[in-house]
Amino acid sequence: MARLNWGMVGGGEGSQIGPVHRIASALDTRFDFKAAALDADAEKGRAYARSLGIAPDRAYGTWQEMLAGESNRSDKLDLVTVATPNATHFEITKAFLEAGINVLCEKPMTVTVEEAETIVATAKRTGTICAVNYGYTGYPLVRHMRAMVARGDLGKIRLIVVEFSHGFHADASQADNPRMRWRYDPSQAGVSGQFADCGIHALHMASFVSGQNAHMLSADFASTIASRELEDDAMVNVRMDGGTTVRLWTSSVAVGSFHGLNIRVFGEKGGLRWAQQWPDQLFWTPLNGRTETMERGMGGLSADAERATRIAAGHSEGMLVAFANIYADLADVIEAGRAGRAPTPEALHFPTAEDGLRSIAAIRASVASSRAGGAWVVAEPASLKR
Ligand code: NAD
């Protein structure tokens with residue numbers, strides 16, 4: 001099978017998420033890393049791309065040079081990952097989609113709802129794929145939770161409790177550290193701090209597992225460190241469009257919590273519990289029954305979980321494989337498109353631009369709700385109302 005050509009914008013040397021994308025895209029050897037504009041500093045970006053094995057004529061200084069250089073090649077890129085700071089996602093993603101190149105955009109996809117709607121419309125018009133990197137939905141046991149809910153094992157889902165709370169920004173003496181400060185500065189982060197950074201991962205996880213989207217929400221934001229203009233802690237209550245209630249807590253001052261992405265799903269026939277720091281175990285308690293531990297890699301799990309698993313039970317896989325599963329989905333869909341056939345249904349679980357748009361609408365709604373003392377606000381974007 002011909003390999004796919006992959007490029008990246010952002011994710012330069014020393015960045016947080018760049019190395020994760022490079023490893024995840026390479027894991028299944030279906031993508032070749034062919035072109036890049038990796039850094040805000042053009043010379044640094046070119047040099048780093050060359051050091052990673054990119055040919056000199058495809059190691060670009062800026063994304064605009066990359067777009068111009070890559071648009072009309074016969075060995076065109078099949079996918080570009082956009083891993084730059086949030087406020088630049090819209091312009092870069094839109095430009096590559098317009099050039100007919102599929103994009104995997106980091107979250108949050110855009111800053112405004114209008115921009116997100118433009119991305120959805122651009123992907124539709126140009127026939128390109130725009131995915132958004134809610135990479136934690138790539139974990140095999142998260143996909144198994146979704147499969148269990150979809151096939152009715154839990155019955156009606158009454159309640160989901162989800163949290164993404166870490167303690168990495170809890171040290172008040174570090175609040176002025178530039179790497180931390182920008183996240184709470186509206187001129188750089190937008191209208192929301194912690195909810196836009198981590199809360200939307202939790203909300204997307206609840207949507208992914210339940211197959212429902214946020215309909216209304218009520219939010220309470222707090223800046224627990226006084227110098228922070230934007231929230232570092234948020235509690236958000238959500239009514240989903242399928243009737244499920246979601247209780248969501250996100251925080252960056254939760255000392256002792258590390259990555260802190262956990263989800264509990266309570267249905268009329270049983271409950272599920274999963275934590276990202278221990279991703280290879282899923283706990284299932286049928287109503288009035290005993291708790292069963294499901295181990296990733298053991299037989300008898302769903303086709304979705306088996307497809308997402310690379311190595312046997314007992315060996316840790318973790319975040320790199322979860323993100324690699326998003327790349328595997330995209331590779332399947334791109335290859336199927338090339339061959340003129342339908343992709344395998346299990347490949348269609350990657351988060352899309354519509355999911356990105358729903359998140360931006362939820363960010364805007366939660367800011368409005370918090371400012372209005374927790375008033376209930378419509379969370380679904382008007383353009384996607386079912
Ligand atoms: P970072 O500040 O560590 O790195 C950003 C990189 O982008 C740097 O190398 C910088 O030089 C480069 N850059 C900036 N402007 C550029 C431009 N115009 N052209 C090319 N390169 C440019 O940031 P990060 O923590 O890696 O976050 C990047 C994005 O990834 C953010 O949108 C963030 O929300 C997202 N993120 C997602 C996850 C996830 O779990 N999905 C985790 C962390 C970060």
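Some points to look at:
- Beta bridges by DSSP in the chain, antiparallel share as percent, to the nearest 5: 60 percent
- Pairs beyond 26 Å (Cα-Cα), from Lys156/Lys385; Lys44/Lys124; Lys107/Lys269; Lys124/Lys156; Lys76/Lys385: Lys44/Lys124; Lys107/Lys269; Lys124/Lys156; Lys76/Lys385
- Counted charge near Thr245, where neighbours are those whose Cβ lies closer than 10 Å (Asp, Glu -1; Lys, Arg +1): +3
- Annotation: per residue accessible area for the chain equals 41 Å², rounded to a whole number [probe 1.4 Å, protein chains only].
- For His215, distant residues with modelled amide H under 5 Å away: Arg239, Met240, Asp241
- Counting 0.36 nm for each residue step from Arg290 to Arg247 and taking away their Cα separation leaves a gain of 13.0 nm.
- Helices of the chain meeting both criteria, an alpha-carbon length of 18 angstrom or more along the long axis and an average Kyte-Doolittle score not below 1.0, with helices taken as full DSSP H segments, do not occur.
- Förster-model FRET efficiency, 35 Å R0, Glu114 and Asp220, C-beta, rounded to 0.05: 0.85
- Average Cα contact separation per residue, the chain, under 8 Å, 6 or more apart, as relative contact order %: 18 percent
- Across the accessible surface of the stretch 4-135, with the other protein chains kept in place and a 1.4 Å probe, carbon and sulfur atoms take up 52 percent.
- P(r) histogram, all alpha-carbon pairs of the chain included - 10 Å bins from 0, percent: 5, 23, 33, 27, 11, 1, 0
The values are calculated or read from the model by the stated rules, or taken from the named source; none is laboratory data. All values reported here derive from a predicted model rather than from experimental measurement. Positions of Cβ are generated from backbone atoms using ideal geometry, with glycine treated the same way; all protein chains shown enter the neighbour counts. Calculation scope for accessible area: heavy atoms of the full protein, side chains included, ligands and nucleic acids excluded. Shrake-Rupley method; radii C 1.70, N 1.55, O 1.52, S 1.80 Å.
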